[in-house]
Amino acid sequence: MAVRFARPMHPGEILREEYLVPLGMSAGKLAKALDLPRTRIERIVREEIGISTDTALRLGRFFSTTPNFWLNLQQAYEVETEGARLAEEIGQIAPYAPADRAA
């Protein structure tokens with residue numbers, strides 16, 4: 001069962017609020033530990049960009065999680081935000097029904 005929040009949660013918010021703030025760690029310090037540009041981590045925690053596979057691999061290693069943890073957060077955020085944005089258009093698509101089931 002998927003967990004649903006009142007609003008879509010950007011993975012940058014999770015990174016910031018559940019990891020960086022409790023650890024007292026800056027985005028710059030994390031970026032240095034991950035061997036990434038400081039601006040990439042800053043933009044993620046400001047919720048301006050998402051988490052790439054490369055970043056997920058590095059976050060997983062550093063925080064002893066899995067890369068999929070980070071990628072699943074990103075995917076859930078994108079499905080929820082894009083789903084809301086495209087709801088009307090998606091609703092116009094007729095689901096496929098095989099001929100033997102149509103009758």
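The values are calculated or read from the model by the stated rules, or taken from the named source; none is laboratory data. Computed from a predicted structure; not experimentally measured. So basically every Cβ, Gly included, is an ideal-geometry build from the backbone, and we count neighbours across all protein chains shown. All accessible areas refer to the heavy atoms of the entire protein, side chains included, with ligands and DNA or RNA removed. Shrake-Rupley method; radii C 1.70, N 1.55, O 1.52, S 1.80 Å.
Going residue by residue through segment 34-49, is there one that turns out to be polar (S, T, N, Q) and at positive phi? No, segment 34-49 contains no residue that is polar (S, T, N, Q) and at positive phi. Restricting attention to segment 37-47 and to residues that are touching a residue at least 24 places away in the same chain (Cβ under 8 Å) and in a loop (DSSP other than H, G, I, E, B), the residue that is most open to solvent (accessible area, probe 1.4 Å) turns out to be 46. The set of residues in segment 76-103 being free of Cβ contacts under 8 Å to residues at least 40 places away in the same chain, part of a helix (DSSP H, G or I) and of a type outside the set (Gly, Ala, Ser) consists of 78, 79, 82, 85, 88, 89, 90, 100, 101. Just so you know, in segment 56-67 the residues that are assigned to a helix (DSSP H, G or I) and open to solvent by 90 Å² or more (accessible area, probe 1.4 Å) include one that is nearest to residue 20 (Cα to Cα), and it is 61.
If the condition is being aromatic (Phe, Trp, Tyr) and over 21 Å from residue 14 (Cα atoms), then segment 55-103 contributes only 96. Filtered by the rule that a residue be assigned to a loop (DSSP other than H, G, I, E, B) and exposed (fewer than 12 other Cβ atoms within 10 Å of the Cβ), segment 1-36 gives 1, 2, 3, 4, 5, 6, 7, 24, 35. Has segment 48-55 got at least one residue that is in contact with a Pro (Cβ under 8 Å, 6 or more places away or on another chain), of a type in the set (S, T, N, Q) and part of a helix (DSSP H, G or I)? Yes, that holds for at least one residue. Go through the residues of segment 61-75 one by one and say whether even a single one is in contact (Cβ under 8 Å) with a residue 60 or more places away in the chain and in contact with a Ser or Thr (Cβ under 9 Å, 6 or more places away or on another chain). Taking every residue of segment 61-75 in turn, at least one turns out to be in contact (Cβ under 8 Å) with a residue 60 or more places away in the chain and in contact with a Ser or Thr (Cβ under 9 Å, 6 or more places away or on another chain).
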